Amino acid sequence: MAIENPSREEIGKILKENKRIAVVGLSNNPNRTSFMISQAMMDVGYEIIPVNPTIDESLGIKAVDSLKDIEGHVDIVNVFRRSEYLPDIMKDAVVINADVFWAQLGVSNEEAYEYGKKHNIKMVMDRCIKVEHAMTK
């Protein structure tokens, strides 16, 4: 089955209704795309939770090792990891009952997509959350 993203209108609704984003693979290096995009989303009012076992903090926020270490509900799981890691990350997103699974531009995986569909999680793959936010304001 091919991966189908929601319409731009639906993506806009997702971004308006979901403000707590766990960023898997968020770097603490200001020159990395994950840092720049997360900073931009934070600057427009989103709560960012860094998920990366190799750092202590990013954007002045303490990092957690995995999605399962996050306290409270996660609206969006935003992934900055290679496509082959998506199935395991998707499984964790389902376990924590996240509302949306978002794989950044250039990142997609059919196995993860099928698993997410089976568990009724909204999904966006191979799209930049910052670009989509700008296009749907």
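Looking at this structure, is S66 in contact with a Ser or Thr (Cβ under 6 Å, 6 or more places away or on another chain) and either over 23 Å from N109 (Cα atoms) or polar (S, T, N, Q) (or both)? In short, no.
Annotation note: Cβ proximity below 9 Å between a residue of region 109-126 that is over 13 Å from Y85 (Cα atoms) and a residue that is among the acidic types (D, E) and in a loop (DSSP other than H, G, I, E, B) (sequence gap 6+ or interchain) occurs for I121/D99; K122/D99; M123/E4. Within the bounds of region 71-89, is there any residue that is closer than 15 Å to P6 by Cβ, open to solvent by 80 Å² or more (accessible area, probe 1.4 Å) and in contact with a strand residue (DSSP E or B) (Cβ under 6 Å, 6 or more places away or on another chain)? There is no residue in region 71-89 that is closer than 15 Å to P6 by Cβ, open to solvent by 80 Å² or more (accessible area, probe 1.4 Å) and in contact with a strand residue (DSSP E or B) (Cβ under 6 Å, 6 or more places away or on another chain). Screening the candidates A63, A22, A40 for the property of being open to solvent by less than 50 Å² (accessible area, probe 1.4 Å), over 13 Å from the mean Cα position of the chain (by Cα), under 22 Å from K122 (Cβ atoms) and at pLDDT 95 or above yields one hit, A40. Considering every residue within region 109-118, establish whether at least one is buried (at least 18 other Cβ atoms within 10 Å of the Cβ) and within 19 Å of P50 (Cβ to Cβ). No: region 109-118 contains no residue that is buried (at least 18 other Cβ atoms within 10 Å of the Cβ) and within 19 Å of P50 (Cβ to Cβ). Here G45 fulfils each of the conditions (1) open to solvent by less than 70 Å² (accessible area, probe 1.4 Å); (2) in contact (Cβ under 8 Å) with a residue 12 or more places away in the chain; (3) under 20 Å from S108 (Cα atoms) apart from (3). Annotation note: Cβ proximity below 9 Å between a residue of region 1-12 that is closer than 17 Å to D99 by Cα and a residue that is open to solvent by 100 Å² or more (accessible area, probe 1.4 Å) and of a type in the set (A, V, I, L, M, F, W, C) (sequence gap 6+ or interchain) occurs for I11/M135; G12/M135. If the condition is being in contact with a strand residue (DSSP E or B) (Cβ under 8 Å, 6 or more places away or on another chain) and aliphatic (A, V, I, L, M), then region 4-21 contributes I11, I14, I21.
Got at least one residue in region 42-65 being under 20 Å from H119 (Cβ atoms) and among the charged types (D, E, K, R)? Scanning region 42-65, I find no residue that is under 20 Å from H119 (Cβ atoms) and among the charged types (D, E, K, R), so the answer is no.
So which of K62, K118, K130 is in contact with a helix residue (DSSP H, G or I) (Cβ under 8 Å, 6 or more places away or on another chain) and not hydrophobic (A, V, I, L, M, F, W, C)? Just one listed residue meets the conditions, K130.
The values are calculated or read from the model by the stated rules, or taken from the named source; none is laboratory data. Predicted, not measured: the structure shown is a model, and the values here were computed from it. Because the Cβ atoms are built from the backbone with ideal geometry, glycine has one as well, and the counts that use them run over all protein chains shown. The accessibility values were calculated without ligands, DNA or RNA, using every heavy atom of the protein model including side chains. Shrake-Rupley method; radii C 1.70, N 1.55, O 1.52, S 1.80 Å.
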